[in-house]
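What follows is one structure encoded as structure tokens, with my remarks underneath.
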Amino acid sequence: MRSYAVTPLVAPLVAPLMAPLMASALVGLACGPGVELETGGDASAETSGSMNMSGPTGSGSMTGATANASMTEPEASTTSGVEPDAEGGYEDDGSGTGCTFTCPPPPPPPPGGGTCNCPEGEKCMPWANDGGMEWTGIRCSPVANNPGQPGDPCTVEGNQWIGVDDCDVDAMCWVTDHETNQGTCIGFCSWFGSGPCDEDYECQAQPGDLMLPICVPICDPTAPDCPDGMGCFPGGASFTCQPAAQRRLPVGAPCPDPLLCEAGAMCAFGLDCGQGPGEGCCATVCDTTLPDPCPLPTTCTPWFGEAGSPQWDHVGYCAP
């Protein structure tokens, strides 16, 4: 029986199949973790079998590549959600992306200056992207039909931290009743809003990593007129209406949070009530213009001392 050497015939058939796989593997090796390459495309090399190329897990690994599939550029929707640039990617800019070859562009930066490039009919809104109870990010949310203006009553969807409400653009619903999810529309300001706050409002950054700036209504602690569910608390260089805690602390109790003291009291420092480090004491609000506004042996101490605006000279707290 005559035998034939088949190697010279097989090699030309395998080489075209290996070329696109090796080129794709180089692309995979150039991109750091988190960048996935997808299989697909119109041109394919038909074969009855498959060849698997695998490497160690982590950056530069490629598994499951088959001879009957061609490698294409990864779609932007599978990575960053934005279209690649004209060159199909970007170079390593030292920002830790790990990409040194052709990779999808990174996601856009966080919104600033009051814009987050929301589509028409949606607005920029703070929300808790980790499911917690503190604003940690910004999202696009639908604008309601006939949305409320600052000062109007409003309702949120789910809870305060989801970021969906029925207030207008450049405003959000500040919940004062967490059982009904109802509150008052309040405007954004500074880098998040479209302009300065109206008269009788103050632009104030809220606690948390986001430092959300909103226009909060100014109030007088000696004669507060805040909406239901809000209390008059110190805020910056004045006093502002802010959502009050559901369970508030009495006068003389340590206050780890300025919003915890009961109506008619504010969280003051420099007093001794057995508080821990960084805590104040709930102290009775008093009017310095009234005779003997505090019970003996306490006296009415000006809240801002000599450093505040004359507008608030009459606001004080009872202290020994």
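Contact map, the stretch 128-140: residues that are under 15 Å from Gly158 (Cβ atoms) and of a type in the set (Phe, Trp, Tyr) paired with residues that are assigned to a strand (DSSP E or B) and open to solvent by 70 Å² or more (accessible area, probe 1.4 Å), Cβ distance under 7 Å, separation 6+ or inter-chain. Pairs shown: Trp135/Trp127. The single condition among (1) of a type outside the set (Gly, Ala, Ser); (2) more than 36 Å from the chain's Cα centre (by Cα); (3) surrounded by 13 or more Cβ atoms within 10 Å (Cβ to Cβ) that Val251 does not meet is (2). Within the stretch 177-200, being without any contact (Cβ under 8 Å) to a residue 24 or more places away in the chain and open to solvent by 50 Å² or more (accessible area, probe 1.4 Å) holds for Glu179, Ser190, Pro196, Glu199, Asp200. Looking only at the stretch 227-248, which residues are in a loop (DSSP other than H, G, I, E, B) and either surrounded by 22 or more Cβ atoms within 10 Å (Cβ to Cβ) or on the phi > 0 side of the Ramachandran plot (or both)? Passing the criteria: Gly229, Gly236. Within the stretch 150-166, residues that are over 17 Å from Gly229 (Cα atoms) and in a loop (DSSP other than H, G, I, E, B) have Cβ atoms under 6 Å from residues that are open to solvent by less than 60 Å² (accessible area, probe 1.4 Å) and aliphatic (A, V, I, L, M) in these pairs: Glu157/Val164; Trp161/Ala128; Gly163/Met125; Asp166/Ala144, counting only partners at least 6 apart in sequence or on another chain. Listed conditions (1) under 36 Å from the mean Cα position of the chain (by Cα); (2) open to solvent by less than 50 Å² (accessible area, probe 1.4 Å) are all met by Gly278, apart from (2).
Here the stretch 205-217 is the region considered, the condition is being crowded, with 20+ Cβ neighbours inside 10 Å and free of Cβ contacts under 8 Å to residues at least 60 places away in the same chain, and the residue that is nearest to Gly264 (Cα to Cα) is Pro217.
Considering only residues that are assigned to a loop (DSSP other than H, G, I, E, B) and within 12 Å of Ala319 (Cα to Cα), which ones fall in the stretch 255-287?
Matches in the stretch 255-287: Phe269, Gly270, Leu271, Asp272, Cys273.
The values are calculated or read from the model by the stated rules, or taken from the named source; none is laboratory data. From a predicted model like this one, the values you see are computed outputs, not experimental measurements. Here Cβ is always computed from backbone atoms with ideal geometry, including for glycine, and neighbour counts include all displayed protein chains. What goes into the accessible areas is simple: the full protein's heavy atoms, side chains included, and nothing from ligands, DNA or RNA. Shrake-Rupley method; radii C 1.70, N 1.55, O 1.52, S 1.80 Å.
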